[in-house]
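Single-structure report; data block below.
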Amino acid sequence: MPLLFFYAARPFQRSALRCCRAASLALATWCAVLPAQALTAADQLASYAAASGQPPQNARGQEFFNTKHGHEWTCASCHTANPAIEGKHASTGKVIRPMAPAANPDRFTDAAKTEKWFRRNCNDVVGRECTSAEKADVLVWLLTFKN
Amino acid sequence: MSILSALHRPAVLLGLAAACLGAPAWAEGGVATGSRLPAYQAECAACHIAYPPGLLGAKSWQQIMGGLSKHFGADASLDAASTKAIGAWLAGHAGTGRRFSELPPGNRITKSAWFVRQHDEVSASVYKRTAVGSASNCAACHPRAADGNFDEHDVRIPK
């Protein structure tokens, strides 16, 4: 009888083992993916500030955002001077959701997306890529907006 | 197989009927959306409607995708993999036929001869209205433009 039980239980043990392996794989994947998903604007601010080697300043960020840098547009041309409200694309007229994370929690939660838009928009507004210090300043200013 | 016997085949008949009823999609306004490449939708519709790929020929799309860093006055550059994937999809869904043999100036849909012909009753002042802005703002007058639907019956020109 014990022998019979042993054999009868084996398929269950195998499937339980498979189940366990699958679960631990899923858990490992989840853990590996988690940091990217859980990225916040504060995390991105911290990494830009660290890269710049200086403390970010929100007054400097506000000025940067609202000033022309030798080209046609400012950041505010599309995002408006109040980043807690919707903006409008200066050439296509498409509505742009608020930039301030307090008004739009999706902002600055994907590092690659943040970098893509900084690259493009700094080229349009400043005529070059922005420095880590400039990004940190703008971001720390955007984070001063509260709901 | 003779023409007559071919005409008796239901599939052929159906095809002929469809060809007769449906003028070229663009001419009818109803550009089939099909299933759009998610990357095309996500990247291009971030700034403007995702223009139906059949509104430009493959050569125009190729030039547009090759110059994204200077895209109609803005930097719309993408990573290499996305550029390649979207470019390939556009090439495969581009408009074909005689009307696309000549490239519109600046690869602008709105400068295409067929576009100008289709909109010849719209005066230049209409495009300058605040709610319109420019001819490239399809959705100002075609409410379902984002879905690739340009049906003339739906046109509502803002005052």
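Please treat every number below as a calculation from the coordinates, not as lab data. Just so it is clear, the model here is predicted, and its values are computed rather than measured. Every residue, glycine among them, receives a Cβ derived from its backbone with ideal geometry; neighbour counts consider all protein chains shown.
Quick rundown of the values:
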read-out	value
Charge context of A:M99, other residues only, Cβ under 12 angstrom, K/R +1, D/E -1	0
Around B:R129: net Lys/Arg minus Asp/Glu count, Cβ-Cβ under 13 Å	+3
Charge tally in the Cβ shell below 11 Å around A:N123, where Lys, Arg are +1 and Asp, Glu are -1, A:N123 excluded	+1
Pairwise centroid distance, computed over Cα atoms, of segment B:125-143 with segment A:86-147, Å	27 Å
Over 26 Å between alpha carbons, listed pairs A:K68/B:K70; A:K88/B:K159; B:K59/B:K159; A:K88/B:K84; A:K68/B:K84	B:K59/B:K159; A:K88/B:K84; A:K68/B:K84
Averaged over B:123-129, number of beta-carbon atoms from partner chains that fall within 10 Å	0
